[in-house]
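The values are calculated or read from the model by the stated rules, or taken from the named source; none is laboratory data. Please read all numbers here as calculations on a predicted model, not as lab measurements. All Cβ positions, even for glycine, are placed from backbone atoms using ideal geometry, and neighbour counts span all protein chains on display. These area figures cover heavy atoms from the full protein model, side chains too; ligands, DNA and RNA do not enter into them. Shrake-Rupley method; radii C 1.70, N 1.55, O 1.52, S 1.80 Å.
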Amino acid sequence: MPGGGDGDGDARATAAAGPPHVVLLSSPGIGHVAPLAELARRLHAAHGFTATVLTFASSDSAAQRAFLASLPPAVGAASLPPVPLGDLPAGAAIETLLSVEAQCSVPAVAAVLSRLKSTANLVAYVADLFGADTLQAARDAGVPRYLFFPSNLLMLSLMLHLPRLDAVVAGEFRDLPEPVRLPGCVPVPGADILQPLQDRASDAYRWMLHHGERYRDAAGILVNTFDAVEPGAAAVLRRPEPWRPPVYPIGPVIRHTDDGDDATGCVEWLDAQPDKSVLFVSFGSGGALPAAQMDELARGLELSGQRFLWVVRCPTDGGANPGENYYDGTKSKNDPLSFLTPGFVERTKGVGHVVPAWAPQKRVLAHRATGAILTHCGWNSVLESMIHGVPMIAWPLYAEQRENAVMLCEGTKVALRPQVEGANGVILAEDIADVVKEMMNGEKGEVARVRVMELQEAARTGLEPGGMSYQTLAEVVSKWKGSFIESCLIYL
(Lines give C-alpha, C1' and ligand atoms only; values in the text may rest on other atoms or scores of the structure.)
Protein backbone atom coordinates (compact mmCIF):
# COMPACT_ATOMS: atom_id res chain seq x y z
CA MET A 1 0.00 0.00 0.00
CA PRO A 2 1.77 3.21 -1.09
CA GLY A 3 2.79 5.44 1.81
CA GLY A 4 1.19 3.06 4.29
CA GLY A 5 3.95 3.16 6.89
CA ASP A 6 2.19 0.36 8.79
CA GLY A 7 3.83 -2.10 11.17
CA ASP A 8 3.76 -4.95 8.66
CA GLY A 9 5.58 -2.84 6.13
CA ASP A 10 8.22 -1.80 8.68
CA ALA A 11 8.75 -5.41 9.70
CA ARG A 12 9.05 -6.54 6.11
CA ALA A 13 11.53 -3.79 5.35
CA THR A 14 13.63 -4.78 8.37
CA ALA A 15 13.50 -8.46 7.40
CA ALA A 16 14.50 -7.62 3.83
CA ALA A 17 17.84 -6.36 5.09
CA GLY A 18 18.86 -9.88 6.10
CA PRO A 19 19.91 -12.86 3.97
CA PRO A 20 17.19 -14.82 2.17
CA HIS A 21 15.67 -17.46 4.42
CA VAL A 22 13.91 -20.70 3.50
CA VAL A 23 11.90 -23.11 5.66
CA LEU A 24 12.10 -26.79 4.74
CA LEU A 25 9.81 -29.48 6.19
CA SER A 26 11.05 -33.06 6.20
CA SER A 27 8.91 -36.15 6.58
CA PRO A 28 9.99 -38.48 9.40
CA GLY A 29 12.99 -40.74 8.87
CA ILE A 30 16.66 -39.96 8.33
CA GLY A 31 16.27 -40.93 4.67
CA HIS A 32 14.01 -37.89 4.27
CA VAL A 33 15.74 -35.57 6.72
CA ALA A 34 19.24 -35.97 5.27
CA PRO A 35 18.65 -34.86 1.65
CA LEU A 36 16.40 -31.97 2.65
CA ALA A 37 18.96 -30.74 5.18
CA GLU A 38 21.68 -31.09 2.56
CA LEU A 39 19.61 -28.94 0.22
CA ALA A 40 19.56 -26.31 2.96
CA ARG A 41 23.33 -26.63 3.29
CA ARG A 42 23.75 -26.16 -0.48
CA LEU A 43 21.48 -23.11 -0.51
CA HIS A 44 23.64 -21.58 2.21
CA ALA A 45 27.01 -22.47 0.67
CA ALA A 46 26.24 -21.55 -2.94
CA HIS A 47 23.59 -18.84 -2.62
CA GLY A 48 23.99 -17.22 0.81
CA PHE A 49 20.72 -18.44 2.31
CA THR A 50 19.87 -19.09 5.91
CA ALA A 51 17.42 -21.91 6.59
CA THR A 52 15.22 -23.63 9.13
CA VAL A 53 14.79 -27.41 8.81
CA LEU A 54 11.54 -28.57 10.41
CA THR A 55 11.25 -32.19 11.56
CA PHE A 56 8.56 -34.26 13.25
CA ALA A 57 8.79 -35.46 16.83
CA SER A 58 8.19 -39.06 15.71
CA SER A 59 11.53 -39.17 13.88
CA ASP A 60 13.65 -37.92 16.76
CA SER A 61 16.72 -40.08 17.36
CA ALA A 62 20.28 -39.66 18.54
CA ALA A 63 21.55 -40.18 15.00
CA GLN A 64 19.21 -37.54 13.59
CA ARG A 65 20.09 -35.03 16.31
CA ALA A 66 23.80 -35.56 15.66
CA PHE A 67 23.32 -35.09 11.93
CA LEU A 68 21.33 -31.88 12.33
CA ALA A 69 23.91 -30.57 14.79
CA SER A 70 26.58 -31.02 12.10
CA LEU A 71 24.91 -28.46 9.82
CA PRO A 72 26.44 -24.97 9.59
CA PRO A 73 25.16 -22.34 12.07
CA ALA A 74 23.19 -20.65 9.27
CA VAL A 75 21.03 -23.79 8.99
CA GLY A 76 18.90 -24.21 12.08
CA ALA A 77 16.60 -27.08 13.00
CA ALA A 78 13.35 -27.23 14.95
CA SER A 79 10.99 -30.07 15.83
CA LEU A 80 7.25 -29.65 15.43
CA PRO A 81 5.01 -30.57 18.39
CA PRO A 82 4.11 -34.27 18.70
CA VAL A 83 1.01 -35.44 16.86
CA PRO A 84 -1.18 -38.11 18.53
CA LEU A 85 -1.61 -41.05 16.18
CA GLY A 86 -3.35 -43.40 18.61
CA ASP A 87 -6.64 -43.26 16.71
CA LEU A 88 -5.08 -44.93 13.67
CA PRO A 89 -5.66 -48.68 13.36
CA ALA A 90 -2.93 -51.04 14.50
CA GLY A 91 -0.61 -51.92 11.67
CA ALA A 92 -1.37 -48.77 9.68
CA ALA A 93 0.93 -48.42 6.68
CA ILE A 94 3.92 -46.12 6.98
CA GLU A 95 2.50 -43.96 4.18
CA THR A 96 -0.64 -43.42 6.27
CA LEU A 97 1.34 -42.55 9.39
CA LEU A 98 3.52 -40.03 7.57
CA SER A 99 0.56 -38.42 5.82
CA VAL A 100 -1.63 -38.06 8.90
CA GLU A 101 1.25 -36.59 10.91
CA ALA A 102 1.87 -33.96 8.23
CA GLN A 103 -1.81 -33.09 7.83
CA CYS A 104 -2.26 -32.66 11.57
CA SER A 105 0.81 -30.40 11.72
CA VAL A 106 -0.55 -27.69 9.39
CA PRO A 107 -1.34 -25.28 12.29
CA ALA A 108 2.16 -25.73 13.73
CA VAL A 109 3.76 -25.05 10.35
CA ALA A 110 1.56 -21.96 9.94
CA ALA A 111 2.76 -20.63 13.30
CA VAL A 112 6.41 -21.09 12.31
CA LEU A 113 5.90 -19.31 9.01
CA SER A 114 4.01 -16.44 10.63
CA ARG A 115 6.80 -15.87 13.14
CA LEU A 116 9.60 -16.07 10.59
CA LYS A 117 7.81 -13.84 8.12
CA SER A 118 8.11 -10.95 10.56
CA THR A 119 11.66 -11.67 11.72
CA ALA A 120 13.50 -13.02 8.66
CA ASN A 121 13.76 -12.47 4.93
CA LEU A 122 11.49 -15.48 4.33
CA VAL A 123 11.48 -16.15 0.59
CA ALA A 124 10.14 -19.72 0.29
CA TYR A 125 8.67 -22.76 2.02
CA VAL A 126 9.65 -26.24 0.86
CA ALA A 127 7.92 -29.47 1.95
CA ASP A 128 8.91 -32.96 0.92
CA LEU A 129 6.71 -35.58 -0.71
CA PHE A 130 4.44 -36.40 2.27
CA GLY A 131 4.03 -32.75 3.29
CA ALA A 132 1.84 -31.52 0.43
CA ASP A 133 -1.03 -30.67 2.80
CA THR A 134 1.20 -28.15 4.58
CA LEU A 135 1.51 -26.09 1.39
CA GLN A 136 -1.80 -24.52 2.44
CA ALA A 137 -0.04 -22.93 5.42
CA ALA A 138 2.45 -21.27 3.06
CA ARG A 139 -0.35 -20.13 0.75
CA ASP A 140 -2.19 -18.53 3.67
CA ALA A 141 1.02 -16.83 4.84
CA GLY A 142 1.76 -15.46 1.37
CA VAL A 143 5.02 -17.42 1.11
CA PRO A 144 6.01 -19.14 -2.18
CA ARG A 145 5.36 -22.87 -1.71
CA TYR A 146 7.49 -25.60 -3.26
CA LEU A 147 7.95 -29.35 -2.99
CA PHE A 148 11.21 -31.22 -2.66
CA PHE A 149 10.80 -34.67 -4.20
CA PRO A 150 13.54 -36.96 -2.81
CA SER A 151 13.17 -39.69 -5.44
CA ASN A 152 13.49 -39.83 -9.23
CA LEU A 153 11.52 -38.55 -12.21
CA LEU A 154 9.82 -41.91 -12.82
CA MET A 155 8.32 -41.80 -9.33
CA LEU A 156 7.36 -38.13 -9.67
CA SER A 157 5.74 -38.76 -13.05
CA LEU A 158 3.70 -41.58 -11.53
CA MET A 159 2.50 -39.32 -8.71
CA LEU A 160 1.58 -36.50 -11.09
CA HIS A 161 -0.32 -38.86 -13.38
CA LEU A 162 -1.91 -40.88 -10.57
CA PRO A 163 -5.26 -39.02 -10.53
CA ARG A 164 -5.67 -39.81 -14.26
CA LEU A 165 -4.50 -43.41 -13.82
CA ASP A 166 -6.95 -43.86 -10.95
CA ALA A 167 -9.76 -42.85 -13.28
CA VAL A 168 -8.81 -45.02 -16.28
CA VAL A 169 -7.14 -48.14 -14.84
CA ALA A 170 -9.54 -50.93 -13.98
CA GLY A 171 -8.59 -53.37 -11.25
CA GLU A 172 -5.22 -53.60 -9.52
CA PHE A 173 -1.96 -52.49 -11.09
CA ARG A 174 -0.38 -55.90 -10.48
CA ASP A 175 -3.00 -57.50 -12.73
CA LEU A 176 -2.44 -55.26 -15.74
CA PRO A 177 -1.54 -57.24 -18.88
CA GLU A 178 0.78 -54.46 -20.14
CA PRO A 179 3.37 -52.28 -18.41
CA VAL A 180 2.45 -48.81 -17.20
CA ARG A 181 3.86 -46.29 -19.67
CA LEU A 182 4.49 -42.74 -18.54
CA PRO A 183 5.82 -40.01 -20.88
CA GLY A 184 9.58 -40.28 -21.29
CA CYS A 185 9.90 -43.05 -18.70
CA VAL A 186 10.89 -46.69 -18.89
CA PRO A 187 7.78 -48.97 -19.00
CA VAL A 188 7.06 -50.48 -15.57
CA PRO A 189 5.24 -53.81 -15.07
CA GLY A 190 2.16 -53.32 -12.91
CA ALA A 191 3.54 -55.62 -10.21
CA ASP A 192 6.56 -53.31 -9.85
CA ILE A 193 4.51 -50.13 -9.40
CA LEU A 194 4.85 -48.30 -6.07
CA GLN A 195 3.99 -50.68 -3.20
CA PRO A 196 1.18 -48.64 -1.53
CA LEU A 197 -0.63 -48.48 -4.89
CA GLN A 198 -0.95 -52.26 -5.08
CA ASP A 199 -4.16 -52.33 -3.02
CA ARG A 200 -6.59 -49.70 -4.26
CA ALA A 201 -8.92 -50.28 -1.31
CA SER A 202 -6.24 -49.39 1.23
CA ASP A 203 -5.77 -46.16 3.17
CA ALA A 204 -2.20 -45.99 1.84
CA TYR A 205 -3.49 -45.90 -1.74
CA ARG A 206 -5.98 -43.16 -0.94
CA TRP A 207 -3.28 -41.09 0.72
CA MET A 208 -0.93 -41.41 -2.25
CA LEU A 209 -3.74 -40.39 -4.59
CA HIS A 210 -4.44 -37.43 -2.32
CA HIS A 211 -0.79 -36.35 -2.48
CA GLY A 212 -0.77 -36.66 -6.26
CA GLU A 213 -3.67 -34.23 -6.39
CA ARG A 214 -2.12 -31.84 -3.86
CA TYR A 215 1.22 -31.70 -5.71
CA ARG A 216 -0.49 -29.45 -8.24
CA ASP A 217 -0.79 -26.77 -5.53
CA ALA A 218 2.98 -26.25 -5.51
CA ALA A 219 4.64 -23.37 -7.37
CA GLY A 220 7.40 -25.77 -8.37
CA ILE A 221 8.86 -29.21 -7.62
CA LEU A 222 12.57 -29.68 -6.90
CA VAL A 223 13.69 -33.24 -7.63
CA ASN A 224 16.69 -35.08 -6.22
CA THR A 225 17.99 -36.45 -9.51
CA PHE A 226 19.92 -35.26 -12.55
CA ASP A 227 19.10 -35.32 -16.23
CA ALA A 228 21.63 -37.96 -17.30
CA VAL A 229 19.93 -40.61 -15.14
CA GLU A 230 16.57 -40.31 -16.94
CA PRO A 231 17.12 -38.15 -20.03
CA GLY A 232 13.76 -38.98 -21.59
CA ALA A 233 11.78 -38.16 -18.47
CA ALA A 234 13.87 -35.03 -17.88
CA ALA A 235 13.13 -33.75 -21.38
CA VAL A 236 9.39 -34.24 -20.83
CA LEU A 237 9.18 -32.84 -17.30
CA ARG A 238 11.38 -29.81 -17.99
CA ARG A 239 8.81 -28.66 -20.57
CA PRO A 240 6.17 -26.37 -19.01
CA GLU A 241 2.66 -27.85 -18.81
CA PRO A 242 -0.45 -25.99 -17.66
CA TRP A 243 -1.75 -28.92 -15.60
CA ARG A 244 1.28 -29.34 -13.32
CA PRO A 245 3.95 -27.20 -11.59
CA PRO A 246 7.38 -26.64 -13.16
CA VAL A 247 9.85 -29.45 -12.39
CA TYR A 248 13.46 -28.73 -11.43
CA PRO A 249 16.00 -31.61 -11.33
CA ILE A 250 18.66 -30.28 -8.93
CA GLY A 251 20.43 -33.44 -7.78
CA PRO A 252 22.24 -35.32 -6.67
CA VAL A 253 21.67 -34.02 -3.15
CA ILE A 254 23.31 -36.48 -0.78
CA ARG A 255 24.59 -36.47 2.76
CA HIS A 256 27.63 -34.22 3.03
CA THR A 257 28.97 -35.21 6.43
CA ASP A 258 31.56 -37.94 6.90
CA ASP A 259 30.52 -41.25 8.44
CA GLY A 260 32.92 -40.66 11.33
CA ASP A 261 35.17 -43.20 12.97
CA ASP A 262 34.84 -46.75 11.71
CA ALA A 263 34.21 -48.82 14.80
CA THR A 264 33.01 -51.71 12.61
CA GLY A 265 36.42 -52.44 11.12
CA CYS A 266 34.98 -52.28 7.59
CA VAL A 267 37.55 -49.89 6.20
CA GLU A 268 40.47 -51.76 7.74
CA TRP A 269 39.19 -54.99 6.20
CA LEU A 270 38.69 -53.32 2.81
CA ASP A 271 42.26 -52.00 2.94
CA ALA A 272 43.47 -55.59 2.70
CA GLN A 273 41.36 -56.47 -0.37
CA PRO A 274 42.24 -56.08 -4.09
CA ASP A 275 40.82 -53.20 -6.11
CA LYS A 276 37.13 -53.49 -7.11
CA SER A 277 36.92 -57.02 -5.72
CA VAL A 278 34.31 -56.61 -2.94
CA LEU A 279 30.52 -56.71 -3.16
CA PHE A 280 29.00 -54.42 -0.53
CA VAL A 281 25.66 -55.84 0.69
CA SER A 282 23.43 -53.28 2.40
CA PHE A 283 19.68 -52.72 2.57
CA GLY A 284 19.75 -49.08 3.68
CA SER A 285 18.85 -47.44 6.95
CA GLY A 286 15.77 -49.55 7.65
CA GLY A 287 15.60 -52.54 5.32
CA ALA A 288 15.65 -56.15 6.52
CA LEU A 289 14.86 -59.61 5.13
CA PRO A 290 12.77 -62.55 6.31
CA ALA A 291 14.83 -65.30 7.93
CA ALA A 292 14.37 -67.72 5.01
CA GLN A 293 15.63 -65.10 2.55
CA MET A 294 18.59 -64.30 4.81
CA ASP A 295 19.57 -67.97 4.65
CA GLU A 296 19.38 -67.99 0.85
CA LEU A 297 21.43 -64.79 0.63
CA ALA A 298 24.11 -66.27 2.87
CA ARG A 299 24.26 -69.44 0.79
CA GLY A 300 24.34 -67.43 -2.43
CA LEU A 301 27.23 -65.27 -1.30
CA GLU A 302 29.13 -68.36 -0.23
CA LEU A 303 28.40 -70.16 -3.52
CA SER A 304 29.56 -67.19 -5.55
CA GLY A 305 33.09 -67.38 -4.18
CA GLN A 306 33.31 -63.57 -4.38
CA ARG A 307 34.52 -61.21 -1.67
CA PHE A 308 31.71 -59.48 0.21
CA LEU A 309 31.04 -57.04 3.01
CA TRP A 310 27.54 -57.61 4.43
CA VAL A 311 25.64 -55.31 6.80
CA VAL A 312 23.40 -57.82 8.61
CA ARG A 313 20.15 -56.90 10.32
CA CYS A 314 17.78 -59.00 12.37
CA PRO A 315 15.20 -60.71 10.14
CA THR A 316 11.68 -59.42 9.84
CA ASP A 317 9.27 -61.44 11.94
CA GLY A 318 7.56 -64.10 9.88
CA GLY A 319 8.13 -62.29 6.62
CA ALA A 320 6.48 -59.08 7.81
CA ASN A 321 6.81 -55.78 6.00
CA PRO A 322 10.56 -55.23 5.56
CA GLY A 323 10.02 -51.51 6.06
CA GLU A 324 8.89 -51.97 9.67
CA ASN A 325 12.27 -50.63 10.88
CA TYR A 326 11.60 -47.40 8.98
CA TYR A 327 12.28 -44.87 11.72
CA ASP A 328 15.52 -46.36 13.01
CA GLY A 329 16.73 -49.64 11.54
CA THR A 330 19.67 -49.87 13.97
CA LYS A 331 17.44 -50.51 16.99
CA SER A 332 17.28 -54.14 18.06
CA LYS A 333 17.54 -56.12 21.25
CA ASN A 334 19.13 -59.05 19.40
CA ASP A 335 22.48 -59.67 17.77
CA PRO A 336 21.84 -59.78 14.01
CA LEU A 337 24.79 -62.10 13.45
CA SER A 338 23.14 -64.75 15.62
CA PHE A 339 20.54 -65.23 12.87
CA LEU A 340 23.09 -66.26 10.24
CA THR A 341 23.35 -69.88 9.16
CA PRO A 342 25.56 -71.78 11.64
CA GLY A 343 29.12 -71.97 10.36
CA PHE A 344 28.64 -69.32 7.65
CA VAL A 345 30.95 -66.73 9.18
CA GLU A 346 33.70 -69.28 9.77
CA ARG A 347 33.43 -70.81 6.29
CA THR A 348 33.60 -67.43 4.54
CA LYS A 349 36.15 -65.79 6.79
CA GLY A 350 38.76 -65.66 4.04
CA VAL A 351 36.56 -63.74 1.60
CA GLY A 352 33.75 -62.21 3.61
CA HIS A 353 33.24 -59.71 6.41
CA VAL A 354 29.93 -59.30 8.25
CA VAL A 355 28.97 -56.41 10.51
CA PRO A 356 25.81 -55.92 12.57
CA ALA A 357 23.24 -53.23 11.75
CA TRP A 358 25.39 -50.42 10.31
CA ALA A 359 28.45 -49.63 8.22
CA PRO A 360 30.00 -46.33 7.09
CA GLN A 361 28.38 -46.52 3.66
CA LYS A 362 29.98 -43.46 2.10
CA ARG A 363 33.46 -44.61 3.09
CA VAL A 364 32.76 -48.11 1.83
CA LEU A 365 31.45 -46.89 -1.53
CA ALA A 366 34.42 -44.57 -1.93
CA HIS A 367 36.96 -47.31 -1.16
CA ARG A 368 39.10 -48.61 -4.02
CA ALA A 369 38.28 -52.23 -3.08
CA THR A 370 34.51 -51.85 -3.52
CA GLY A 371 33.46 -53.20 -6.90
CA ALA A 372 29.65 -53.25 -6.60
CA ILE A 373 26.78 -52.90 -4.14
CA LEU A 374 23.80 -55.18 -3.57
CA THR A 375 21.18 -52.60 -2.65
CA HIS A 376 17.53 -52.26 -1.74
CA CYS A 377 17.33 -49.47 -4.37
CA GLY A 378 16.41 -46.73 -1.93
CA TRP A 379 17.06 -43.53 -3.84
CA ASN A 380 19.62 -42.08 -1.41
CA SER A 381 21.72 -45.24 -1.71
CA VAL A 382 21.33 -45.25 -5.49
CA LEU A 383 22.59 -41.68 -5.76
CA GLU A 384 25.51 -42.38 -3.44
CA SER A 385 26.44 -45.40 -5.55
CA MET A 386 26.30 -43.35 -8.75
CA ILE A 387 28.39 -40.55 -7.28
CA HIS A 388 31.07 -43.06 -6.32
CA GLY A 389 30.90 -44.93 -9.63
CA VAL A 390 29.69 -48.21 -8.09
CA PRO A 391 27.36 -50.48 -10.14
CA MET A 392 24.43 -52.17 -8.42
CA ILE A 393 22.66 -55.46 -7.93
CA ALA A 394 19.03 -54.46 -7.46
CA TRP A 395 17.19 -56.11 -4.55
CA PRO A 396 14.10 -53.93 -3.91
CA LEU A 397 12.13 -54.35 -0.69
CA TYR A 398 9.32 -51.79 -0.33
CA ALA A 399 7.99 -48.30 -1.19
CA GLU A 400 9.08 -47.25 -4.72
CA GLN A 401 12.11 -49.55 -4.78
CA ARG A 402 10.72 -52.02 -7.32
CA GLU A 403 10.12 -49.14 -9.74
CA ASN A 404 13.65 -47.95 -9.10
CA ALA A 405 14.99 -51.41 -9.87
CA VAL A 406 13.19 -51.48 -13.22
CA MET A 407 14.54 -48.06 -14.13
CA LEU A 408 18.11 -48.89 -13.06
CA CYS A 409 18.18 -52.21 -14.92
CA GLU A 410 16.11 -51.49 -18.03
CA GLY A 411 16.55 -47.75 -18.46
CA THR A 412 19.75 -46.45 -16.91
CA LYS A 413 21.48 -49.86 -17.20
CA VAL A 414 23.68 -49.49 -14.14
CA ALA A 415 22.25 -52.51 -12.32
CA LEU A 416 21.58 -56.23 -12.61
CA ARG A 417 18.67 -58.01 -10.93
CA PRO A 418 18.52 -61.62 -9.73
CA GLN A 419 15.83 -63.99 -10.93
CA VAL A 420 13.00 -64.73 -8.51
CA GLU A 421 12.39 -68.46 -8.76
CA GLY A 422 11.46 -69.51 -5.22
CA ALA A 423 8.04 -69.78 -3.61
CA ASN A 424 6.56 -66.61 -2.10
CA GLY A 425 9.01 -64.42 -3.99
CA VAL A 426 12.14 -65.86 -2.38
CA ILE A 427 15.34 -65.40 -4.39
CA LEU A 428 17.24 -68.69 -4.33
CA ALA A 429 20.90 -69.07 -3.47
CA GLU A 430 21.87 -70.32 -6.93
CA ASP A 431 20.34 -67.28 -8.61
CA ILE A 432 22.04 -64.98 -6.12
CA ALA A 433 25.39 -66.60 -6.85
CA ASP A 434 24.84 -66.26 -10.60
CA VAL A 435 24.07 -62.53 -10.49
CA VAL A 436 26.94 -61.84 -8.08
CA LYS A 437 29.45 -63.60 -10.34
CA GLU A 438 28.08 -61.83 -13.41
CA MET A 439 28.34 -58.45 -11.73
CA MET A 440 31.87 -58.96 -10.42
CA ASN A 441 33.39 -60.82 -13.39
CA GLY A 442 30.93 -60.91 -16.31
CA GLU A 443 30.29 -58.81 -19.40
CA LYS A 444 26.98 -57.43 -18.12
CA GLY A 445 28.69 -56.31 -14.95
CA GLU A 446 31.35 -54.53 -16.95
CA VAL A 447 28.70 -52.74 -19.03
CA ALA A 448 27.02 -51.54 -15.82
CA ARG A 449 30.39 -50.44 -14.41
CA VAL A 450 31.22 -48.35 -17.48
CA ARG A 451 27.76 -46.79 -17.53
CA VAL A 452 27.78 -45.85 -13.85
CA MET A 453 31.16 -44.19 -14.26
CA GLU A 454 29.65 -42.06 -17.01
CA LEU A 455 26.89 -41.01 -14.62
CA GLN A 456 29.48 -40.31 -11.93
CA GLU A 457 31.10 -37.78 -14.24
CA ALA A 458 27.73 -36.30 -15.24
CA ALA A 459 26.81 -35.84 -11.58
CA ARG A 460 30.12 -34.13 -10.83
CA THR A 461 29.96 -31.69 -13.73
CA GLY A 462 26.27 -31.01 -13.24
CA LEU A 463 26.86 -29.68 -9.72
CA GLU A 464 29.70 -27.37 -10.74
CA PRO A 465 28.94 -23.70 -11.53
CA GLY A 466 27.50 -23.67 -15.01
CA GLY A 467 26.40 -27.31 -14.79
CA MET A 468 22.81 -28.36 -15.43
CA SER A 469 21.78 -29.04 -11.83
CA TYR A 470 23.64 -26.01 -10.51
CA GLN A 471 21.95 -23.72 -13.01
CA THR A 472 18.54 -25.26 -12.32
CA LEU A 473 18.79 -24.54 -8.60
CA ALA A 474 20.10 -21.05 -9.38
CA GLU A 475 16.97 -20.47 -11.47
CA VAL A 476 14.76 -21.41 -8.52
CA VAL A 477 16.79 -19.22 -6.18
CA SER A 478 16.33 -16.28 -8.54
CA LYS A 479 12.55 -16.81 -8.50
CA TRP A 480 12.50 -16.92 -4.70
CA LYS A 481 14.49 -13.72 -4.32
CA GLY A 482 12.40 -11.97 -6.97
CA SER A 483 9.14 -12.94 -5.27
CA PHE A 484 10.27 -11.49 -1.98
CA ILE A 485 11.32 -8.19 -3.57
CA GLU A 486 7.93 -7.91 -5.25
CA SER A 487 6.14 -8.51 -1.95
CA CYS A 488 8.20 -5.79 -0.25
CA LEU A 489 7.40 -3.26 -3.00
CA ILE A 490 3.73 -3.55 -2.14
CA TYR A 491 4.43 -1.71 1.09
CA LEU A 492 6.52 1.09 -0.42
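For the chain, the solvent-accessible area of protein heavy atoms averages 40 Å² per residue (probe radius 1.4 Å; ligands and nucleic acids excluded). Kirkwood hydrodynamic radius of the chain, from the reciprocal of the average inverse Cα-Cα distance over all distinct pairs: 23.5 Å.
Can you tell me the orientation of helix 203-214 relative to the chain, as the angle in degrees between its alpha-carbon axis and the longest Cα principal axis, to the nearest 10? With rounding to tens, the tilt is 40 degrees. The modelled label-to-label distance for the pair ALA263/GLN471, using points 7 Å beyond Cα in the direction of Cβ, is 4.7 nm. The label-point distance for CYS104 and ASP140, in a model that sets each label 7 Å from Cα toward Cβ, rounds to 1.8 nm. Only protein heavy atoms count here; on that basis, with a 1.4 Å probe, PHE339 has an accessible area of about 80 Å². Amide H to amide H distances under 5 Å link LEU416 with MET392, ILE393, ALA394, where only residues 5 or more positions off or on other chains count and H is placed in the peptide plane. In this rough spin-label picture, where each label sits 7 Å from Cα along the Cβ direction, the VAL420-ARG200 distance is 2.1 nm. Estimate the FRET efficiency between SER338 and LYS276 by the formula 1/(1 + (r/R0)^6), using the beta-carbon distance for r and 25 Å for R0, to the nearest 0.05. Efficiency, from the Cβ-Cβ distance: 0.20.
Counting heavy atoms of the protein chains alone, ASP271 has an accessible area of about 90 Å² for a 1.4 Å probe.
Expressed as a whole percent, the accessible area of the range 421-473 that falls on carbon and sulfur atoms is 52 (1.4 Å probe).
In plain terms, the bigger the Kirkwood radius, the slower the diffusion; for the range 112-265, with that radius from Cα pairs, at 25 °C and 0.890 mPa s, Stokes-Einstein puts D at 142 µm²/s.
Comparing Cα centroids, the range 198-213 and the range 81-151 end up 19 angstrom apart.
For the range 236-278, the convex hull drawn through the C-alpha positions has a volume of 157 cubic angstrom per residue. Helical content alone sets the calculated 222 nm signal of the chain at -12500 deg cm²/dmol, taking -39,500 (n - 2.57) per DSSP H segment of four or more residues and averaging over every residue.
Couplings 3J(HN,Hα) for the range 161-176, derived from phi with the Karplus relation 6.51 cos²θ - 1.76 cosθ + 1.60 (θ = phi - 60°), are 8, 4, x, 5, 4, 4, 7, 10, 8, 9, x, 8, 4, 5, 9, 5 Hz, where x marks Gly and Pro.
Close amide-amide hydrogen proximity is noted between GLY352 and PHE308, each under 5 Å apart and 5 or more residues distant or on a separate chain (H modeled in the peptide plane; Pro and chain starts excluded).
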